[in-house]
Amino acid sequence: AVVRTHPDIGFKVLAAHPLAYLVRSAVLAHHERPDGRGYPNGIVGEAVRTAKPIIINDPYNDPRFHRKVDQETGYQTESLLVIPMMGIDGEVMGAFQAVNKRNKKSCFEERDVQRLMLAATFSAKILSAEHLLQANRHHEEEQKKAALKQQSIITNDFLKSEHFKTRVFTRPSE
């Protein structure tokens, strides 16, 4: 999936530069936040890489959990639920993360996975549809440009004829 490989691809593009070593870690981990969370590392990164939901009901005892945000903000993370957002092509587009179930004495469970997966699936469909609409708009714009180019070529070729007096009316095809 592009979402999983584009940091590697980005670094390969830069690798031939003599100073590439200076930006290697930044390029490879550009989704990684200063607090250590995010792709490619951390809990969300693992859900994106593995394309599997993750439930953590005791984050402070999980080595993937980064405590720094809690320490800096005074927030207390009790539980986490991360769901990969799958595109219509079956590739991971991103992830949904729920932090702390409303009932603090409650833990995330399979029913919560199903609920958040429904939201992630719905969102992925909307994003995929938007991407298709954008691609269609781009295609329509390119078709219009091509039709205008065709029109100018046809018109100019006929008008340059030495053997005929021509009058050409053209209309691009639809």
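The values are calculated or read from the model by the stated rules, or taken from the named source; none is laboratory data. For clarity, every value in this text was computed on a predicted model and none was experimentally measured. Here the Cβ positions follow ideal geometry from the backbone for every residue, glycine too, while neighbour counts run over all protein chains shown. Protein only, heavy atoms only, side chains kept; ligands, DNA and RNA dropped before computing areas. Shrake-Rupley method; radii C 1.70, N 1.55, O 1.52, S 1.80 Å.
Overview of results
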item	result
Segment 88-153, dipole about Cα centre (Lys/Arg Cβ +1, Asp/Glu Cβ -1), debye to the nearest 20	380 debye
Cβ-based net charge around Arg137, under 15 Å, with every Lys or Arg adding one and every Asp or Glu removing one	-2
Listed residue (Met85, Ala124, Asn100) projecting farthest to the positive dipole end of segment 64-150, Cβ model	Asn100
Burial order of peptide ranges 120-133, 43-56 (average beta-carbon count within 10 Å, highest first)	43-56, 120-133
Burial ranking of peptide ranges 109-116, 83-90, 68-75 (average Cβ count within 10 Å, highest at the top)	83-90, 109-116, 68-75
Under-5 Å amide H pairs with Met93, H placed in peptide plane, nonlocal only	Met85, Met86, Gly87
Dipole moment magnitude, nearest 20 debye, segment 54-103 about Cα centre, only Lys, Arg, Asp, Glu C-beta charged	160 debye
Percent carbon-and-sulfur accessible area, segment 61-123, ignoring ligands, DNA and RNA, probe 1.4 Å	53 percent
Karplus (6.51, -1.76, 1.60) ³J(HN,Hα), θ = phi - 60°, over segment 128-141, in Hz, Gly and Pro reported as x	5, 4, 5, 4, 5, 4, 5, 5, 5, 4, 4, 4, 5, 4
In nm, spacing of pseudo-spin labels at Ala135 and Lys52 (7 Å Cα→C-beta vector)	3.0 nm
Nonlocal amide H pairs with Glu78, under 5 Å, H built at 1.01 Å	Asn100
